[in-house]
Amino acid sequence: MKIILYTRPADSGLSIVNLAPQNQQPTETEEQFIERVRQQVVPADALNVQIVDATVRPTDRTNRNTWEWQ
């Protein structure tokens with residue numbers, strides 16, 4: 001599954017959007033589903049918006065407030 005990553009402009013923090021596959025419409029492709037969620041959830045002024053495989057997300061939540069995405 002994919003996740004959406006973006007940088008919040010207000011505080012430069014990293015936001016991670018986990019997609020809920022049960023919300024995908026039967027007629028949507030995965031790409032259409034991701035785009036629909038991105039439009040609903042990611043702010044228009046978000047920076048560095050990327051759609052990546054969920055495996056890139058760190059599994060260790062230690063220091064999670066310091067995570068950065070390049």
Could you tell me how many degrees, from 0 to 90 and to the nearest 10, lie between the Cα long axis of helix 30-41 and the main elongation axis, the longest principal axis, of the Cα atoms of the chain? 60
Select from the chain those GluC sites (Glu not before Pro) which occupy a DSSP coil region and have at most 16 other Cβ atoms within 10 Å, ordered by residue number. 28, 68
Relative contact order as a percentage, the chain, C-alpha pairs under 8 Å and 6+ apart, gives 46
Between the DSSP loop rule and a limit of at most 12 other Cβ atoms within 10 Å, which trypsin sites (Lys or Arg not before Pro) in the chain are left? 61
Roughly how many Å² of residue 45 are accessible to a 1.4 Å probe, to the nearest 10? 90
Find, among the chymotrypsin sites (Phe, Trp or Tyr not before Pro) in the chain, those assigned to loop by DSSP (not H, G, I, E, B) with at most 16 other beta-carbon atoms within 10 angstrom. 67, 69
Excluding ligands and nucleic acids, what accessible area in Å² is computed for residue 59 using a 1.4 Å probe, to the nearest 10? 140
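The values are calculated or read from the model by the stated rules, or taken from the named source; none is laboratory data. Every value quoted in this text rests on a predicted model; they were computed, and no experiment measured them. We place every Cβ from the backbone using ideal geometry, glycine too, and count neighbours over all the protein chains shown. We work out accessible area using only protein heavy atoms, side chains counted, and drop any ligands, DNA or RNA first. Shrake-Rupley method; radii C 1.70, N 1.55, O 1.52, S 1.80 Å.
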